[in-house]
Amino acid sequence: MPLAWLGALAIGLSLGLLGSGGSVLTVPVLVYLVGQDEKVAIAGSLFVVGTVALAGSLSFIRHHMVDWRSVALFGLPGMAGTWLGAALSAWISGPVQLLLFAGVMLAAAVMMLRPPRLPVTDGGSRHGGRVALDGVVVGVITGIVGVGGGFLIVPALVLLGGLAVHRAVATSLVIIAMKSYSGFGKYLGVLAAQGLVLDWRVLATVTGFGVAGSLAGVRLGRHVPQAALRRGFALFLLVMAVAIGFNSASSLLR
């Protein structure tokens with residue numbers, strides 16, 4: 001298990017250092033290092049990601065950096081989308097979910113290698129309908145593959161919601177927590193119907209390491225070049241995406 005706990009620490013560190021992307025490590029940690037079934041790992045990932053995001057959001061909430069209008073516009077439709085994605089997962093095999101997960105991981109890597117040029121001040125136009133639709137789409141992805149989707153949420157909040165980047169990051173953490181818990185609640189029924197159970201001891205340990213790593217990552221991030229970190233982490237995600245995609249495709253062809 002030591003490798004699994006190191007992996008859990010890496011989840012939090014990457015979230016604290018980069019603000020997004022760390023949640024994509026949760027499913028591989030639970031599947032390949034802990035040895036869980038794909039569906040159990042995806043369900044557990046939603047609990048871990050939601051709890052780590054909630055813990056990270058508390059400081060932003062205290063400092064009034066969260067835009068609650070955007071939470072309502074994006075987060076509530078996102079919760080519905082995540083619930084729907086979790087419901088759809090009952091008809092999708094575990095290897096297919098991991099193959100889709102590899103695709104999301106690849107998208108995250110590309111977006112981190114080529115970060116969009118986003119405005120840094122408030123004042124952009126607010127397209128409420130498009131923000132809500134984006135929330136549903138990202139939510140469905142979250143429900144099916146078990147990632148928080150911060151790398152998709154932050155650009156949407158900036159470009160469609162008109163938020164400054166720092167407010168978008170703070171707001172995204174609340175939205176990630178809302179979506180993740182919504183999907184996790186639905187997954188409890190999906191797992192029960194398939195005779196699968198969660199290992200709460202593992203989830204509690206991974207979550208604890210994730211929260212600790214996130215707090216440490218925030219402190220370290222003040223002294224580490226962000227551009228180099230993003231490139232290095234993106235390249236790591238590319239390698240992981242190829243490996244997981246190949247392994248999942250091989251499982252489907254057997």
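Points worth noting:
- Filter pass, ALA53 being under 14 Å from the mean Cα position of the chain (by Cα), assigned to a helix (DSSP H, G or I), under 21 Å from GLY245 (Cβ atoms) and touching a residue at least 24 places away in the same chain (Cβ under 8 Å): no
- Counted residues, region 211-254 - those being assigned to a loop (DSSP other than H, G, I, E, B) and over 25 Å from GLU38 (Cβ atoms): 5
- Matching residues, region 56-67, being in contact (Cβ under 8 Å) with a residue 24 or more places away in the chain, over 15 Å from the mean Cα position of the chain (by Cα) and either assigned to a helix (DSSP H, G or I) or within 30 Å of SER251 (Cβ to Cβ) (or both): PHE60, ILE61
- Matching residues, region 209-250, being surrounded by 12 or more Cβ atoms within 10 Å (Cβ to Cβ), of a type in the set (S, T, N, Q) and either at pLDDT 80 or above or under 18 Å from the mean Cα position of the chain (by Cα) (or both): SER214, ASN247, SER248
- Looking only at residues in region 75-98 that are more than 17 Å from the chain's Cα centre (by Cα) and of a type in the set (Val, Ile, Thr), the one that is farthest from PHE246 (Cα to Cα) is ILE92.
- Residue check, LEU203 part of a helix (DSSP H, G or I) and either without any contact (Cβ under 8 Å) to a residue 60 or more places away in the chain or crowded, with 17+ Cβ neighbours inside 10 Å (or both): yes
- Candidate set: region 146-172, residues that are more than 14 Å from the chain's Cα centre (by Cα), in a loop (DSSP other than H, G, I, E, B) and of a type outside the set (Gly, Ala, Ser); chosen: the one surrounded by the fewest Cβ atoms within 10 Å (Cβ to Cβ): LEU160
- In this structure, ALA87 does not qualify as part of a helix (DSSP H, G or I), touching a helix residue (DSSP H, G or I) at 6+ places or on another chain (Cβ under 9 Å) and at pLDDT below 80.
The values are calculated or read from the model by the stated rules, or taken from the named source; none is laboratory data. From a predicted model like this one, the values you see are computed outputs, not experimental measurements. Heads up, the Cβs are rebuilt from the backbone with ideal geometry, glycines too, and the neighbour counts pull from every protein chain shown.
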